[in-house]
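Chemist: One structure, pasted below without further comment.
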Amino acid sequence: MLRTVLTTEWGLRYPIIGAPMAGAAGGALAAAVTRAGGLGMIGVGSQATTEFVLQEAEVAAEAGPFGIGLMVWALAERPDLLEATVYTRPYLVSLSFGDPSPYVSRCHASGILVATQVHSREDATAAERAGVDLIVVQGNEAGGHTGTVATLPLLQIVLDAVSVPVVAAGGIAAPTGVAAALAAGAVGVWIGTALLACAESMHSAAARQRILDSLETGTLWTHLYDDVQGLAWPQAYAGRALANAFTRRWDEPGARHASNSQAAEAFRTGRGDYDIDYIYAGQAVGLVQRKSTAGDVIRHLGTGAEAVLRERLISLLVAL
Ligand SMILES: Cc1cc2nc3c(=O)[nH]c(=O)nc-3n(C[C@H](O)[C@H](O)[C@H](O)COP(=O)(O)O)c2cc1C
């Protein structure tokens with residue numbers, strides 16, 4: 001058993017949180033992660049309905065504690081998403097991609113713990129001042145929207161900067177990666193891409209097959225998909241997705257594409273065709289090579305990390 005605050009105080013079997021992933025992590029995936037001994041989370045996008053939140057939370061709650069992830073930049077116009085979330089009484093709410101401070105006390109008043117994903121030292125110290133219970137260091141190699149700094153430098157910087165518990169997100173999809181994050185001082189890991197090809201994800205069979213077929217070199221970090229959909233993502237965040245014919249044709253690295261009506265039209269007519277449509281995934285997609293259940297992924301990462309830490313650390317220390 002790995003002893004961190006997530007196992008001793010939160011009561012998890014493994015210090016592993018299933019990341020909230022809009023479009024991929026609904027109640028079924030969250031429930032499967034929780035049943036296997038992690039904490040499963042539901043991802044709520046800026047366009048989600050409150051019915052989605054209520055329905056998926058009901059499914060997740062059948063397995064026990066669960067979390068819900070919200071996008072802070074969307075909440076000013078969608079306060080209903082926070083209200084629906086609080087109503088479902090999750091164990092954890094993640095308030096990411098924006099300043100969480102206006103919403104922390106609303107969650108705490110209902111007995112809900114708060115996490116936030118951070119992308120710099122400044123984000124992390126501000127999150128600590130805002131009173132969050134868990135800081136998620138999210139590196140640029142992560143799937144979905146991220147900042148610009150990679151997981152390992154950001155983890156070292158944030159561990160040095162705050163005393164709130166920290167988990168690592170971005171690029172972790174094997175027991176060795178879980179062990180590395182824990183050895184560095186994280187209290188756990190926040191896993192997204194490793195769960196994308198599982199049957200319990202919301203992805204279609206075709207999308208899951210693309211994920212299985214993709215390599216670590218096959219992603220890009222782009223504003224393109226946000227821009228062609230007219231989503232109001234702040235400039236600081238772009239999304240890591242699988243590269244395809246559409247991104248190769250239209251992505252201009254670092255640029256905004258909102259005025260590109262040809263790209264927007266090509267996107268609109270190509271939904272569901274993964275040479276055009278998006279599949280958000282991180283660089284760890286190169287480690288996702290076979291079909292498995294979410295439960296198998298969590299148990300493999302958890303028990304595997306226990307073994308890696310036992311064997312590797314002992315052999316390193318003996319060599320001293
Ligand atoms: C398909 C997908 C959708 C995501 N959607 C969200 C989201 O709705 N809210 C959020 O806070 N993070 C979201 N993320 C980021 C994850 O919470 C997490 O940081 C990331 O998956 C961790 O890196 P990894 O993919 O390398 O495991 C998403 C990630 C992916 C892959």
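The values are calculated or read from the model by the stated rules, or taken from the named source; none is laboratory data. The structure displayed is predicted, hence computed values, not measured ones. Glycine gets a Cβ as well: all are built from the backbone with ideal geometry, and neighbour counts include every protein chain shown.
Chemist: Of the numbered conditions (1) among the hydrophobic types (A, V, I, L, M, F, W, C); (2) buried (at least 17 other Cβ atoms within 10 Å of the Cβ); (3) under 24 Å from residue 235 (Cα atoms); (4) out of contact with any Leu (no Cβ under 9 Å at 6 or more places or on another chain), residue 104 satisfies every one except a single condition; which is it?
Modeler: The failed condition is (4).
Chemist: In the stretch 226-266, which residues are assigned to a helix (DSSP H, G or I), surrounded by fewer than 22 Cβ atoms within 10 Å (Cβ to Cβ) and of a type in the set (Phe, Trp, Tyr)?
Modeler: Of everything in the stretch 226-266, just one residue is assigned to a helix (DSSP H, G or I), surrounded by fewer than 22 Cβ atoms within 10 Å (Cβ to Cβ) and of a type in the set (Phe, Trp, Tyr), namely 250.
Chemist: Name the one entry in 104, 118, 86 that is within 13 Å of the ligand (Cβ to nearest atom), touching a residue at least 24 places away in the same chain (Cβ under 8 Å) and farther than 20 Å from residue 23 by Cβ.
Modeler: Numbers: 104 fails: within 13 Å of the ligand (Cβ to nearest atom); 86 fails: within 13 Å of the ligand (Cβ to nearest atom).
Answer to the check: 118.
Chemist: Can you name the residue in the stretch 166-199 that is surrounded by fewer than 21 Cβ atoms within 10 Å (Cβ to Cβ) and within 18 Å of the chain's Cα centre (by Cα) and is also nearest to the ligand (Cβ to nearest atom) among such residues? Walk me through how you get there before you give the answer.
Modeler: So the first thing to find is which residues in the stretch 166-199 are surrounded by fewer than 21 Cβ atoms within 10 Å (Cβ to Cβ), and the list is 174-176, 183-185, 199.
In the following step, the residues that additionally are within 18 Å of the chain's Cα centre (by Cα) were identified as 174-175, 199.
Working: 174: 11, 175: 14, 199: 16 Å.
The extreme case among them is 174.
Chemist: On the given criteria, is residue 294 modelled with pLDDT of 95 or more, touching a helix residue (DSSP H, G or I) at 6+ places or on another chain (Cβ under 9 Å), closer than 30 Å to residue 183 by Cβ and not β-branched (Val, Ile, Thr)? Even if it seems obvious, please write down each step before you answer.
Modeler: Values: modelled with pLDDT of 95 or more: yes; touching a helix residue (DSSP H, G or I) at 6+ places or on another chain (Cβ under 9 Å): yes; closer than 30 Å to residue 183 by Cβ: yes; not β-branched (Val, Ile, Thr): yes.
In short, yes.
Chemist: Which of the residues that make up the stretch 217-257 are away from the ligand (no atom under 14 Å from the Cβ) and touching a strand residue (DSSP E or B) at 6+ places or on another chain (Cβ under 8 Å)?
Modeler: 223, 243, 247, 251, 253
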